[in-house]
Amino acid sequence: MKDNRADNRLRMSIILKSVGIGYGFSLICFLILALLVTYTRLSEGIVPMVTQGIIIMGLTISGAGAAMRAKSKGWLYGIICGIIFIGIVVIVSWIAVDGFTFDKYVLSKVLLGVAVGAIGGMIGINLIR
């Protein structure tokens, strides 16, 4: 008789691989943005808005990838990917930025990670059907 308990467990390998893929996508986009700002007349004023968009796309790819690999509980996998994705951003910011404070902007990033990760997970589940 097959043990079904293993099927109900969250697989961290899926989550970590998906977060890595989301970060890889984001890194490539950030490098392209840096090149565009450096070598074209593109205004530096758009960088915060484009950065936010890149983070949202990375979160979506991360959540969707995890859900597609897991084949169930897409929203849950997406939320966990979003929390880990944004958690790493917050930790790196805390280490790298002098005078970093946990304020409403950091909290809004965490909530954004949860929401977009969940949406990405729902998208991923529907892409496999």
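Every number in this text was worked out from the coordinates using simple rules, so none of it is lab data. Being a predicted model, the structure only gives us computed values, none of them experimental. Positions of Cβ are generated from backbone atoms using ideal geometry, with glycine treated the same way; all protein chains shown enter the neighbour counts.
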Check your understanding: For the stretch 23-72, how many residues are over 18 Å from the mean Cα position of the chain (by Cα) and within 21 Å of LEU10 (Cβ to Cβ)?
Key -> 2
Exercise for review: Of all residues in the stretch 69-105, count the ones that are buried (at least 16 other Cβ atoms within 10 Å of the Cβ) and out of contact with any Phe, Trp or Tyr (no Cβ under 9 Å at 6 or more places or on another chain).
Suggested key: 14
Point to revise | Residue satisfying condition, being surrounded by fewer than 16 Cβ atoms within 10 Å (Cβ to Cβ) and under 21 Å from ILE119 (Cα atoms), within set GLY63, GLY58, GLY24 | key: GLY24
